[in-house]
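Here it is, the structure in full.
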Amino acid sequence: MQVSNAAKLWLEYHKAHSKENSIRAYKLVLSKLCEEFGGENIEEITTERVLLFLNRITEGRKRQTKRTRYSHLLAFFNFIKNHIDQDFRNPCDTPMLKKLFRARPSYNWNIIEKETVDEIIFRTSKPRNRLMLELMARGGMRIIEVLKLTPSDIHERRLTLKDPKSGREQEFIFIPQRLADRLKLIFDSLIFNLQ
């Protein structure tokens, strides 16, 4: 079977069983795979050629991106083995490739207890600093998001973040009512003092 035909079958399978984002990610890898191996028989693809292909398409990318591209290829070849040809040997299923593209070890972050966070906030003497700490702790905001807040961004308990780190145009944060009241008082007093 040719690689291009196998890729079509795999995408048809995922159109029926996967979410749109997954299909988009698979299409990216498969389109590059078909450019390089499209007319070839799938049994002719070796581990060495897969490694060269993966290195080329992931050059300059982060380790997680490399791992994801490898996982997509592994899943593609596993699909062929499980649904089309039981005797097919997956070129991605080798100890060398598994080791090269293994997942990054997870880190266990030390999480500060709520009581400790409250103590830090309540021991802060300046009201401005205390409010900033509370917005970060209670609203899950980053320091840059707190510093960018303007009075027009405050709507009761909902805060509008413009140009957040996620890359979206805007995001919304909901904060406790007591914190929203204090934030409104501070902004009102700032506006009053400027006039």
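The values are calculated or read from the model by the stated rules, or taken from the named source; none is laboratory data. Everything quoted here is computed from the prediction, not taken from an experiment. Using ideal geometry, Cβ is built from the backbone for each residue, glycine included, and neighbour counts are taken over all protein chains shown.
Would a scan of region 159-174 turn up a residue that is of a type in the set (A, V, I, L, M) and part of a loop (DSSP other than H, G, I, E, B)?
no
Just for helices (runs of 4 or more DSSP H) wholly inside region 1-94: which have at least 1 residues that are under 30 Å from Ser106 (Cα atoms) and in contact with a His (Cβ under 7 Å, 6 or more places away or on another chain)?
20-37
Let me ask you something else. Could you please find all residues in region 93-136 being loosely packed, with under 11 Cβ neighbours inside 10 Å and touching a Leu at 6+ places or on another chain (Cβ under 8 Å)?
Answer for region 93-136, where residues must be loosely packed, with under 11 Cβ neighbours inside 10 Å and touching a Leu at 6+ places or on another chain (Cβ under 8 Å): just Met96.
Then there is this: I want to confirm something. Restricting to region 137-166 and keeping residues that are of a type in the set (A, V, I, L, M) and under 18 Å from Leu185 (Cα atoms), which single residue is surrounded by the most Cβ atoms within 10 Å (Cβ to Cβ)?
If we filter region 137-166 for residues that are of a type in the set (A, V, I, L, M), which is where we start, we get 137, 141, 143-144, 146-147, 149, 154, 159, 161.
Among the residues that remain, those that are also under 18 Å from Leu185 (Cα atoms) are: 146-147, 149, 154, 159.
Working: Val146: 18, Leu147: 9, Leu149: 19, Ile154: 16, Leu159: 22.
The selected residue is Leu159.
Of a type in the set (A, V, I, L, M), surrounded by fewer than 17 Cβ atoms within 10 Å (Cβ to Cβ) and within 21 Å of Ile23 (Cα to Cα): is that true of Ile84 in this structure?
Here the answer is yes, as Ile84 does meet what is asked.
If we scan region 63-78, do we find a residue that is without any contact (Cβ under 8 Å) to a residue 60 or more places away in the chain, of a type in the set (Gly, Ala, Ser) and out of contact with any strand residue (DSSP E or B) (no Cβ under 7 Å at 6 or more places or on another chain)?
Yes, the conditions are met somewhere in region 63-78.
From the list Arg128, Arg89, Arg104, which residue is at pLDDT below 90 and out of contact with any Lys or Arg (no Cβ under 9 Å at 6 or more places or on another chain)? Before the answer, list the steps.
Details: Arg89 fails: out of contact with any Lys or Arg (no Cβ under 9 Å at 6 or more places or on another chain); Arg104 fails: out of contact with any Lys or Arg (no Cβ under 9 Å at 6 or more places or on another chain).
Testing whether each residue is at pLDDT below 90 and out of contact with any Lys or Arg (no Cβ under 9 Å at 6 or more places or on another chain) leaves just Arg128.
What number goes with the only condition from (1) in a helix (DSSP H, G or I); (2) out of contact with any Leu (no Cβ under 9 Å at 6 or more places or on another chain); (3) closer than 27 Å to Ile111 by Cα that Lys184 does not pass?
Of (1) in a helix (DSSP H, G or I); (2) out of contact with any Leu (no Cβ under 9 Å at 6 or more places or on another chain); (3) closer than 27 Å to Ile111 by Cα, only one is false for Lys184: (3).
I would also like to ask the following. Within region 96-130, which residues are in contact (Cβ under 8 Å) with a residue 12 or more places away in the chain and either touching a Ser or Thr at 6+ places or on another chain (Cβ under 9 Å) or within 30 Å of Leu52 (Cβ to Cβ) (or both)?
Within region 96-130, Met96, Leu97, Leu100, Phe101, Arg102, Ala103, Arg104 qualify.
Continuing with this model, one more query. So Ser18 clears everything in (1) touching a Leu at 6+ places or on another chain (Cβ under 9 Å); (2) modelled with pLDDT under 85 except one condition, right? Which one?
(1)
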